[in-house]
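The values are calculated or read from the model by the stated rules, or taken from the named source; none is laboratory data. Everything numeric in this text was worked out from a predicted model, so none of it was measured. FYI the Cβ positions are ideal-geometry reconstructions off the backbone, even for glycines, and counts take in every protein chain you see. Quick note on the areas: whole protein, heavy atoms, side chains included, nothing else; ligands and nucleic acids left out. Shrake-Rupley method; radii C 1.70, N 1.55, O 1.52, S 1.80 Å.
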Amino acid sequence: MPTASSNILSGKDVSLDIQKQLQEEVKLLKEEHPNFEPVLAIVQVGAREDSNVYIRMKKKVASEVGVTTKHVQLPRTLSENEILSEVQKLNDDPKIHGIIVQLPLDTDSPVDAKRITNAVSPSKDVDGICDENAGRLSHGELEGYFIACTPLGCLELIKRTGVPIKGSKAVVIGRSKIVGLPAALLLLWHHATVTICHSRTQDLRSVVKDADIIVAAVGQAQMVKKDWVKPGAVVIDCGINSIKDETKKSGYRLVGDVDYDEVKEVASWITPVPGGVGPMTVIMLIKNTVYAAKQAAEKL
């Protein structure tokens, strides 16, 4: 395992490789089932510009794979019950195979986002975040159900390094329900010894320093430094933070939770930001949708 300088683990390259595989799968699916279209419904409440950017990315990748998207954009004036009603319509529509609720919700009145995401049928929850799918992951049921896209993308990147997960010491920094906790569970069920760190962890640096695999998902810009990382460790950076940069036209630039320029000197593999975990999240969403469409097609 190299220690002097790291190999860049490009999520962009890996996602393009997976995209090609999915294109073939969808092509075969349509040949076997003429007039069948895999469909992903994207539910958006309001019109936040950051959400619009993410939705355009999802639509683009879906289109390239051969998946149709239905953008259900709802007015921000809707009540919680009205949004739930719209989600239920998608659950009941046999032509819709996957559903994702774009977060955060942009509403005039308070809405329980968890109640909305939990309203998505587990069989269409291609985002993998409803309680039933999350519960199955906690019990180690990794087949036949949907797993949250970002952790799934992280796992795929780690596998691509060729570094064995089984028997490795893994540290996940962050315990969010969407990234940190499911990433830790995925590593655990792939036989790593996993430590989950968070804001109450004492002497965080020394805990991280012991890891063969590091997944940073804490939301603090460039927190993980070179002296936190054991030479040869695999470093997966899920962070996306904006920091001031006078050299940029916008006045800022995006960085991860890892100090990339420092840590790449000691890590064996490291994901860049942007271009690392981000593209993997999108392609895993589309992969889950293709799986859901295949399941639906088999029932025809």
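Accessible area, 1.4 Å probe, largest first: how do 40, 105 sort?
Greatest to least solvent exposure: 105, 40.
In whole Å, what are the extents of the chain along the principal axes defined by its C-alpha atoms, from largest to smallest?
Per principal axis, max minus min of the Cα coordinates gives 54, 44, 39 Å.
Going highest first, how would you order 30-37, 289-296 by mean Cβ packing within 10 Å?
289-296, 30-37
Over 26 Å between Cα atoms: which of 58/169; 58/89; 244/287; 166/299 fall into that group?
58/169; 244/287; 166/299
Roughly how many whole Å is it from the C-alpha centroid of region 7-50 to that of region 260-287?
About 19 Å separates the Cα centre of region 7-50 from the one of region 260-287.
Angle check, please: helix 80-92 long axis (alpha carbons) against the longest principal axis of the chain (alpha carbons), in degrees 0 to 90, nearest 10.
Once rounded, the angle reads 80 degrees.
Against the empirical 2.2 N^0.38 Å scaling, what ratio does the C-alpha Rg of region 201-268 come to?
This ratio for region 201-268 stands at 1.16.
Taking only protein heavy atoms into account and a 1.4 Å probe, give the accessible area per residue of region 105-261 in Å².
Here the per-residue accessible area is 48 Å².
Rounded to the nearest 20 Debye, what is the dipole magnitude of the chain about its Cα centre when Lys and Arg each give +1 and Asp and Glu each give -1 at the C-beta?
In debye, rounded to 20, the chain gives about 380.
Normalised by the number of residues in the chain, what is the relative contact order in percent for Cα pairs under 8 Å and 6+ residues apart?
22 percent.
Report for the chain the percent antiparallel among DSSP-assigned beta bridges with both residues inside it, nearest 5.
So the antiparallel bridges in the chain amount to around 10 percent.
Once the mean 1/r over all distinct Cα pairs of region 1-144 is inverted, what Kirkwood radius in angstroms do you read off?
17.2 Å
What is the spread of the Cα atoms of region 195-240 along each of their three principal axes, largest first, in whole Å?
Here the spans come out as 24, 23, 17 Å, largest first.
Using only the alpha carbons of region 169-209, determine the length spanned along each of the three principal axes and report them from longest to shortest in whole angstroms.
So the three principal-axis extents are 26, 21, 10 Å.
Just need the relative contact order of region 45-130 here, percent rounded to a whole number, with Cα pairs under 8 Å and 6+ apart.
About 33 percent, as a whole number.
Give me the log10 of I(q) over I(0) for region 141-300 at q = 0.18 Å⁻¹, as the Debye formula computes it from C-alpha points; what are the numbers?
-1.06
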